[in-house]
Amino acid sequence: MKRILIAFMIMVMIAGCTQNPEPTQNYTFQIKGLEITMGETAIDFLVKTGNPLNQYSAPSCAFDGDDTVYDFGSYQITTYVKNGKEIFTGVYLLDDSVSTKEGVKIGSPLSKMLSTYGDDYQENYGAYTYSLGLTDLSFVVINDVITSISYLHKVD
């Protein structure tokens with residue numbers, strides 16, 4: 001009986017020491033009720049959105065194999081294949097008909113970006129980059145107006 005009690009106490013201590021990892025937070029892009037998270041699989045999104053206007057592949061600069069670009073007109077998505085699954089590596093907003101999940105879009109003033117995302121950014125030659133989890137969210141600003149927005153998967 002003593003051995004059972006000791007074994008039970010050891011199991012409780014081990015169970016108490018293990019932690020459930022919290023899900024990683026990332027900046028996400030949302031379009032037509034669908035969410036894109038960098039590093040996540042792309043198949044569900046691609047099936048639900050249908051055919052892009054254009055699609056092409058090229059050798060990747062950051063990963064082994066090819067990057068695939070899906071052009072949806074107002075935005076482009078890049079993916080690559082990792083462990084047999086196509087994952088998101090980038091989203092590029094191309095005009096003011098789409099915005100970030102938080103409502104910032106091309107043509108928005110710098111002040112809107114700052115009031116929405118705060119001042120925890122890295123600025124380099126007019127490119128403001130916010131990092132969260134596996135995602136860099138970048139805004140290019142010229143004359144206090146946002147001219148480019150991209151979500152990029154961080155590379156190890």
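The values are calculated or read from the model by the stated rules, or taken from the named source; none is laboratory data. Small disclaimer: the values here were computed from a predicted structure and weren't measured. Note: ideal-geometry Cβ built from the backbone for every residue, glycine included; neighbour counts use all protein chains shown.
Before we move on, is V98 buried (at least 18 other Cβ atoms within 10 Å of the Cβ), on the phi < 0 side of the Ramachandran plot and without any contact (Cβ under 8 Å) to a residue 60 or more places away in the chain? When the stated conditions are applied, V98 does not pass them. Of the candidates T116, T147, T89, the single residue that is closer than 23 Å to E40 by Cα and either β-branched (V, I, T) or part of a helix (DSSP H, G or I) (or both) is T89.
Listed conditions (1) closer than 19 Å to L137 by Cβ; (2) touching a Lys or Arg at 6+ places or on another chain (Cβ under 8 Å); (3) at pLDDT below 90 are all met by T28, apart from (3). Annotation: of all residues in segment 106-125 being crowded, with 16+ Cβ neighbours inside 10 Å and within 19 Å of the chain's Cα centre (by Cα), the one that is nearest to K32 (Cα to Cα) is I106. Taking T135, is it within 16 Å of the chain's Cα centre (by Cα) and either buried (at least 16 other Cβ atoms within 10 Å of the Cβ) or within 20 Å of G33 (Cβ to Cβ) (or both)? So T135 fits the description; yes. Tally the residues that are outside any strand (DSSP E or B) and acidic (D, E), restricting the search to segment 41-66. Count: 2.
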